[in-house]
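Every read-out reported here was derived from the displayed coordinates using simple, explicitly stated rules and does not represent laboratory data. Model, not experiment: these values are computed from the prediction. Cβ: placed from backbone, ideal geometry, glycine included. Neighbour counts: every protein chain shown.
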Amino acid sequence: MTAGCSSRTSSQERRPSYEQNGRRWHYELDWASAGVDDVPMLVPKDGTSQSIFGGYAGHPPPVRNKPPASSENFFRSVTNFTSLSLIDRPSPSGPPESGDEILKDYDNMFRTMYNHPPNFDTINIATAYTECKALLHLADMYDALEIVGSRVDHHLLRFGVRLFKQIAKYPPSYLKLGYLARSKTIFTEAMIHVVGQWPLAAPQLRGQVETSVMEIIEDKVDELKEIEEKVESKLWRLNLSTSRGQRVTPASDFLSWLAISLFRQWLAENTTPAPTGILKDDSARPASSTISQQPSTRGPSRSSNHLASQRESSRTQAQQPPPPPPPLNTGRIHRLIGSSDPSAYLNRDELKRFLKSPCSQLGIDLYNRDNLKRFERRVDEVKNLARDVVKPLMRNFLELDLRDFGPAGLGYLTCTRIEARDLPWDE
C-alpha cells in the first residue's frame with residue numbers, strides 16, 4: 001500500500017459517524033410549546049422524516065449534469081412576465097408579525113455566530129436599539145452573549161453622538177442593554193446618568209437587573225453624596241474680607257455683608273426642602289354636618305347611603321399621610337454655581353430688586369448707581385469663590401458634550417467615574 005492510499009484510508013476513518021451512516025439532524029422552532037409572548041426554542045428533529053416535496057429530507061436532491069434544452073414557449077412566458085405592471089401591487093403597510101421578527105432575530109444570531117454582520121437598522125437608532133435588544137435576549141437563552149455582544153456594541157457605537165444623546169434620554173434601558181452586551185462604553189455612559197438622576201431610575205431597575213449592578217449604583221450614589229456634602233459645607237463657610245484682611249461684618253462693610261447674606265439665602269432656598277404648612281386641611285370634613293345630625297323618620301335611603309360612603313371615604317383620605325415631596329435636585333444648583341455665565345443666577349435684575357426692597361420697609365435708601373456697581377462687584381467675588389469650591393462636581397465623564405445644554409447642563413451631576421474594576425462582568 002502506498003503512502004497516498006494510507007493517508008486516504010486514515011482520513012476516512014477519522015470522519016464523523018453521521019457522514020458514514022448518511023444520517024443528518026436538523027432543528028426546528030418549537031412554536032407549539034412557546035407561549036404568546038415567549039420566544040420559541042430550537043429543538044432537534046430527525047433528518048430522515050418525510051419531506052413535503054417527496055422522498056426523504058435527509059437526502060439531497062439529484063444533481064442534474066446539464067440544463068434542459070431551451071424552448072420557445074419558455075422565452076415567450078418570460079417576456080409576458082416582464083411586461084406586467086407592478087404599480088398596483090399591494091405593499092405591506094402594517095407592522096411586521098411577531099413570527100417574522102423572531103425569524104429575523106434567529107437569522108441575526110446565526111449570522112453573528114458565522115462571523116457575518118447582522119442585519120440591523122443603520123438609520124433609525126430607536127429601531128436599531130429594539131433589534132439589538134431582541135438579539136441579546138435571544139442570545140442570552142443560548143448562552144451566546146459573548147459572541148453577540150461585541151457585534152451589538154460595534155453597531156450601536158457607529159451612531160456616535162446620536163447614541164449618546166439617546167442614552168441621555170433613556171439611561172435605564174441602555175444600562176440593561178450595555179450590561180447584556182458587555183459594552184464598557186454604553187454601560188459606563190448609562191451608569192453616569194443613572195447615578196446623577198438617582199433615585200429617578202430606581203423603579204425601572206430594582207428587581208430587573210443583577211444584584212451586582214444595583215450594588216455598583218448604590219456605591220456610586222453614596223460616593224457622590226459624600227462629595228456633595230463636603231462641597232456644601234465649604235459653600236456655607238464662604239466669606240469676604242475687608243482691605244485689612246478681616247471678615248466683613250455689618251459694621252465694617254455693610255454692602256459686602258449683604259452680598260454674603262444674599263448668596264447664603266439663595267443657597268438655602270434652593271438646597272433645602274420647603275417648610276410644610278402647620279394648619280390642618282379642613283377640606284376633608286363632611287360638606288354638611290347638619291344633615292347627619294337631623295333625626296330620620298324613614299328607613300335608610302339610597303341618598304343617605306351615598307352620603308355615608310362619602311363621609312367614610314373623606315375620613316380615610318384625611319387619615320392617609322400626604323405624599324412625600326420629590327427629592328431636591330441639588331445637582332442643578334451646583335452646576336449653576338459652577339457656570340461661567342454671570343447671568344446663571346443672582347443676575348443684575350435680582351440685585352436691583354434686592355437693594356430696592358429695604359427702601360419701603362425700613363426707610364433706608366441703598367439703591368443708587370455707586371452702591372449697585374459696588375454690590376455687583378462683591379457678589380461677583382462671592383460667585384468666583386463658590387465656583388472654585390464646586391469644581392470637583394463640575395467634571396464631566398460622559399462622552400456627551402454638555403456645552404450645548406446651557407449653564408445647568410443636563411440638570412444633574414455627571415462627575416461619577418466608572419473604573420474598569422467597577423464593571424460587573426469582569427469580577
Extension gain (nm, one decimal) between K225 and D100, 0.36 nm per residue minus Cα-Cα: 40.2 nm
Counting Lys and Arg as +1 and Asp and Glu as -1 over every other residue whose Cβ sits under 14 Å from the Cβ of R111, the net charge comes to -1
Set K169/K230; K184/K225; K184/K383; K165/K220; K169/K225; K169/K373 screened for pairs whose C-alpha atoms are more than 32 Å apart: K184/K383; K169/K373
Quick check: from the Cα gyration tensor, does the range 203-242 come out rounded (a/c under 1.5), prolate or oblate? prolate
When a/c reaches 1.5 or more, the comparison of a/b and b/c decides; with that in mind, is the range 144-273 rounded, prolate or oblate per its Cα gyration tensor? prolate
Determine ³J(HN,Hα), in whole Hz, for all residues of the range 340-352 in sequence, where each value follows from phi through the Karplus function 6.51 cos²θ - 1.76 cosθ + 1.60 and θ = phi - 60°; x replaces Gly and Pro. 8, 6, x, 9, 5, 7, 6, 7, 5, 5, 5, 5, 4
With a 10 Å radius around each residue's Cβ, average the other Cβ atoms per peptide and rank 170-181, 345-356, 404-415, highest first. 170-181, 404-415, 345-356
Step through the residues of the range 229-238 one at a time and calculate ³J(HN,Hα) from phi using the Karplus curve (6.51 cos²θ - 1.76 cosθ + 1.60, θ = phi - 60°), rounding each to whole Hz and writing x for Gly and Pro. 5, 5, 5, 5, 5, 6, 5, 5, 8, 5
Distribution of pairwise C-alpha distances over the range 107-216, 5 Å bins, in %: 2, 12, 24, 24, 18, 12, 5, 1, 0
Packing-wise, with mean Cβ within 10 Å as the measure, how do 234-245, 253-264 rank, highest first? 253-264, 234-245
What does the highest-first list of 150-156, 383-389 look like by mean Cβ count within 10 Å? 150-156, 383-389
